[in-house]
Amino acid sequence: MVFSSLIFLYVFLPLVLILYFLSPRLLRNTILLLASLFFYAWGEPKYVFLMILSILLNYVMGIIIENTVSQSKRKTLLWLVVASNLAILGYYKYAGFFVDLLNNFLSQPLEWQAVPLPIGISFYTFQALSYVIDVYRKDVKAQRNFLDLSLFITLFPQLVAGPIVRYQTVAEQIKKRLSTAEDWMIGSRRFVQGLAKKVLIANPMGEVADHVFSLSGGDLTTGTAWLGILAYSLQIYFDFSGYSDMAIGLARIFGFKFEENFNYPYIAQSVTDFWRRWHISLSSWFRDYVYFPLGGSRVSHQWKLYRNLLVVWTLTGFWHGASWTFMAWGFYYGILICLEKWVLLKWLDRIPRFLRHVYMLLIVMIGWVFFRANDFTYAFTFIKTLFGLTNASLYNYETILLAKDYMIYFIVALIFALPIYMVYQSWSEKKATNSISFDWGLRLGQTIYYGALLLFITMFLVNATHNPFIYFRF
């Protein structure tokens, strides 16, 4: 089940809201937990048991680690639970990759039947890992209530595609929270904003990107390639940030306050700045649980800093998928961030803001080619076509047709990739504090607007043929 499906919007969500808010407070966590398990089981029921196994493992080990006095034993137990979590993730996500890699060196290849990837396993595994590591570090107390820990890991707004929520962020909210009318208003508007990003912008951009990347390297023109990578850059942003908006909005309705996951990354001035703004929960996870334990920037030799960065970013790429192209994508960013820390940031500070922005966009769009392409051969052909380094023509009839048919979507996407809404929100809040009548009028107008927007989105969904979530496969 996905947030942008009619069954979720008009059956599942209304029923959960009714049951939740009509129930006594003592039963609300249980209702949310059951709803979350049902939400996950809708698409793949058998993998609910895998998720329950993961929860049970981390629940038991968290308590054991907290009760263990010896530091050496605590560390051994931590490594054991980390290895167990990664083994589960590795079996479903990476086993096929390593078997294929091993078969290159064996005279008698191993037989391996690919297993389907459970949706969201990367996200809930990292949440579980953050919990046990925080218990080991004594940043949080081990949760004795199995249902409460289960709710933390399975909470349906963020279950299958993040953001990656830390236990210490929501520990107190799980025990006690209040959902006010203000939370309902803010949460529902945020949800509709995210839904609009997904349905009205990401889906049309996805149609263009899928079409262009389905073309062979020989059929590409320079203009078509640029349209394709621009479309994909916009699709992946509005797809994933839209999902994050919906998750944050839904959580707010139920009284949870999640941290932001995106901060207008396409206005960044450097690659370093881009990754402070994109998928913030994943970047901070790798920073706190991999980069800092490796020594971070507090190392005795400069080369160790660059080593740490390359390790973290290669792992970040591998987290996204079991392929060399994902690893190359991560390593590519590791190299660039090392270069920026070494010398590029000083150089970038001396050039005009516009040129810094162009530099960032080019770097990121080239990176998205590796992220989207199925292999290196196609990726390099695509990049060479972008810069006129092949025999491809500048454009053809297909280029013109794509640009003409999707021009309005490109324009809307480019506008909303800028912090337009943030400026409007700041203005409206300032006006509202100065005038009570303006505040009520604004609220009424916004309610009508978001209601109409939801109906408009529903019309799109009724006729939708292209409605995937990119990050479900991670």
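The values are calculated or read from the model by the stated rules, or taken from the named source; none is laboratory data. This structure is a prediction, so every number in the text was calculated from the model and none was measured. For neighbour counting, all protein chains shown are included, and Cβ atoms are generated from backbone atoms with ideal geometry for every residue, glycine included. Accessible surface is based on the protein model in full, side chains and every heavy atom, while ligands, DNA and RNA are left aside. Shrake-Rupley method; radii C 1.70, N 1.55, O 1.52, S 1.80 Å.
Taking the numbered list (1) open to solvent by less than 90 Å² (accessible area, probe 1.4 Å); (2) modelled with pLDDT of 90 or more in turn, LEU80 passes all entries but (1).
Residues in the stretch 191-210: is at least one under 17 Å from ARG252 (Cα atoms), at pLDDT 90 or above and in the same structural domain as ALA83 (by TED's automatic domain parsing)? No, the stretch 191-210 has no match at all.
Looking at this structure, is PRO419 open to solvent by less than 50 Å² (accessible area, probe 1.4 Å) and modelled with pLDDT under 90? Spelling it out, PRO419 is indeed open to solvent by less than 50 Å² (accessible area, probe 1.4 Å) and modelled with pLDDT under 90.
Scan the stretch 366-375 and tell me whether some residue there is farther than 26 Å from LYS198 by Cβ and either open to solvent by 30 Å² or more (accessible area, probe 1.4 Å) or under 21 Å from the mean Cα position of the chain (by Cα) (or both). Taking every residue of the stretch 366-375 in turn, at least one turns out to be farther than 26 Å from LYS198 by Cβ and either open to solvent by 30 Å² or more (accessible area, probe 1.4 Å) or under 21 Å from the mean Cα position of the chain (by Cα) (or both).
Each residue in the stretch 144-184 was checked for being within 16 Å of ILE55 (Cα to Cα) and open to solvent by 20 Å² or more (accessible area, probe 1.4 Å), and 6 of them qualify. Scanning the stretch 345-363 for residues that are in contact (Cβ under 8 Å) with a residue 24 or more places away in the chain and out of contact with any helix residue (DSSP H, G or I) (no Cβ under 8 Å at 6 or more places or on another chain) gives a single hit, ARG353. The set of residues from the stretch 389-416 being open to solvent by 70 Å² or more (accessible area, probe 1.4 Å) and either basic (Lys, Arg) or closer than 18 Å to LEU234 by Cα (or both) comprises LYS404, ASP405, MET407, ILE408, ILE411, LEU414, ILE415, PHE416.
With under 12 Å from the mean Cα position of the chain (by Cα), touching a residue at least 12 places away in the same chain (Cβ under 8 Å) and open to solvent by 20 Å² or more (accessible area, probe 1.4 Å) as the only criterion, which of PHE262, PHE238, PHE318, PHE331 stands out?
When all the criteria are applied, what remains is PHE262.
Of all the numbered requirements in (1) among the aliphatic types (A, V, I, L, M); (2) open to solvent by 30 Å² or more (accessible area, probe 1.4 Å); (3) outside any loop (DSSP other than H, G, I, E, B), VAL299 misses one, and that requirement is (3). Of everything in the stretch 202-219 that is aliphatic (A, V, I, L, M) and open to solvent by less than 10 Å² (accessible area, probe 1.4 Å), the residue that is farthest from TYR421 (Cα to Cα) is VAL212.
Against the test of being open to solvent by 30 Å² or more (accessible area, probe 1.4 Å), under 22 Å from VAL423 (Cβ atoms) and over 16 Å from the mean Cα position of the chain (by Cα), the options ARG277, ARG252 yield a single qualifying residue, ARG252. Within the stretch 431-455, the set of residues being open to solvent by 70 Å² or more (accessible area, probe 1.4 Å) and either over 14 Å from MET185 (Cβ atoms) or at pLDDT below 80 (or both) comprises LYS431, THR433, ASN434, ILE436, SER437, TRP440, ARG443, LEU444, LEU455.
In the stretch 25-37, which residue that is under 15 Å from PHE152 (Cα atoms) and over 21 Å from the mean Cα position of the chain (by Cα) is surrounded by the fewest Cβ atoms within 10 Å (Cβ to Cβ)?
Restricting to residues being under 15 Å from PHE152 (Cα atoms) and over 21 Å from the mean Cα position of the chain (by Cα), the top hit is THR30.
Taking first residues from the stretch 57-69 that are among the small types (Gly, Ala, Ser) and partners that are open to solvent by less than 40 Å² (accessible area, probe 1.4 Å) and in a loop (DSSP other than H, G, I, E, B), the Cβ contacts under 8 Å between residues at least 6 apart in sequence or on separate chains come to GLY62/ALA142; GLY62/GLN143.
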